[in-house]
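Engineer: Provided herewith is a single structure, encoded as structure tokens, for subsequent inquiry.
The values are calculated or read from the model by the stated rules, or taken from the named source; none is laboratory data. None of these values were measured; they are calculated from a predicted model. Every residue, glycine among them, receives a Cβ derived from its backbone with ideal geometry; neighbour counts consider all protein chains shown.
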Amino acid sequence: GAVVSQHPSWVICKSGTSVKIECRSLDFQATTMFWYRQFPKQSLMLMATSNEGSKATYEQGVEKDKFLINHASLTLSTLTVTSAHPEDSSFYICSAPLHPSGYGYTFGSGTRLTVV
Amino acid sequence: QKEVEQDPGPLSVPEGAIVSLNCTYSNSAFQYFMWYRQYSRKGPELLMYTYSSGNKEDGRFTAQVDKSSKYISLFIRDSQPSDSATYLCAMSMNRDDKIIFGKGTRLHILP
């Protein structure tokens, strides 16, 4: 079935550095990619929606200059956390709709970011 | 009022019992309803996907949607210890639209 491959699965970085998270769609083209953040014992909160070849749409309260999203091809979307701080430590997950090849959405396996 | 409300649990039931999970929502524009299962530190896995009101069955899982009450349910029959996970309800207005998640219910099936 359609799979989104997300890397890295976990990363530890120092405060002030940047971290890039990649999501690749395998066996299908992802024109849209949703990026979520999940804090412990909390639900997935949508951060932004990226569309191939255009600027991402950010949810209210999400800093677009801090969370840079690039969706340059139909199979790759990236999220870069710039100037990371400890409060950015979270579980980041990408998701792509399966339409027209299927129903629902497929999710990446998530990236656990720890900023020290 | 949050768009999607879901009791976070935890919910503990003995193996073999029927599990009932549910969510309420406030936005009547939601048309697509989903249930996801999430194991610790993993991405969510789609269990059920339904459109509008009605029931849908897949193996031991049954999803129900009552749009008039803005209430959705997931039933798990013959529960197994391997069903222990967090179950998230999710919904969207259009087929490829962003989806809004409930908080998730942590389920423990006791052997």
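Engineer: For the stretch A:1-19, give me each residue that is closer than 27 Å to B:V4 by Cβ and either exposed (fewer than 14 other Cβ atoms within 10 Å of the Cβ) or modelled with pLDDT of 90 or more (or both).
Structural biologist: Here is the first cut: in the stretch A:1-19, the residues closer than 27 Å to B:V4 by Cβ are A:1-4, A:6.
Listed by number, the residues that qualify are A:G1, A:V4, A:Q6.
Engineer: Here's something else I'd like to know. Which of the residues spanning the stretch B:21-30 are among the aliphatic types (A, V, I, L, M) and either within 10 Å of another protein chain (Cβ to nearest Cβ) or under 12 Å from the mean Cα position of the chain (by Cα) (or both)?
Structural biologist: To start, the set of residues in the stretch B:21-30 that are among the aliphatic types (A, V, I, L, M) comprises B:21, B:29.
B:L21, the sole residue that qualifies.
Engineer: Continuing with the same structure: For the condition hydroxyl-bearing (S, T, Y) and under 30 Å from A:P8 (Cβ atoms), what is the one hit in B:T86, B:T62?
Structural biologist: Details: B:T62 fails: under 30 Å from A:P8 (Cβ atoms).
It is B:T86.
Engineer: Tell me which residues, restricted to the stretch B:73-110, are touching an Asp or Glu at 6+ places or on another chain (Cβ under 7 Å) and either away from every other protein chain (no Cβ under 14 Å) or at positive phi (or both).
Structural biologist: Hits for the stretch B:73-110 are B:I76, B:S79, B:Q80, B:P81, B:I109, B:L110.
Engineer: Would you point out the residue of the stretch B:31-72, among those that are touching a residue at least 40 places away in the same chain (Cβ under 8 Å) and aromatic (F, W, Y), that is farthest from the other protein chains (Cβ to nearest Cβ)?
Structural biologist: B:Y71
Engineer: Mind listing just one residue for me: the one in the stretch A:6-19 that is part of a strand (DSSP E or B) and not hydrophobic (A, V, I, L, M, F, W, C) and, of those, farthest from the other protein chains (Cβ to nearest Cβ)?
Structural biologist: A:H7
Engineer: Show me the strands (runs of 3 or more DSSP E) found entirely inside the stretch A:20-116 where at least 2 residues are surrounded by 18 or more Cβ atoms within 10 Å (Cβ to Cβ), at pLDDT 90 or above and among the hydrophobic types (A, V, I, L, M, F, W, C). Before the answer, list the steps.
Structural biologist: Details: elements: A:32-38, A:44-51, A:67-73, A:76-81, A:90-97, A:105-107, A:111-115.
Qualifying strands (runs of 3 or more DSSP E): A:32-38, A:44-51, A:67-73, A:76-81, A:90-97, A:111-115.
Engineer: So, one more: Among (1) within 25 Å of A:Q38 (Cβ to Cβ); (2) at pLDDT 95 or above, where does B:K42 come up short?
Structural biologist: (2)
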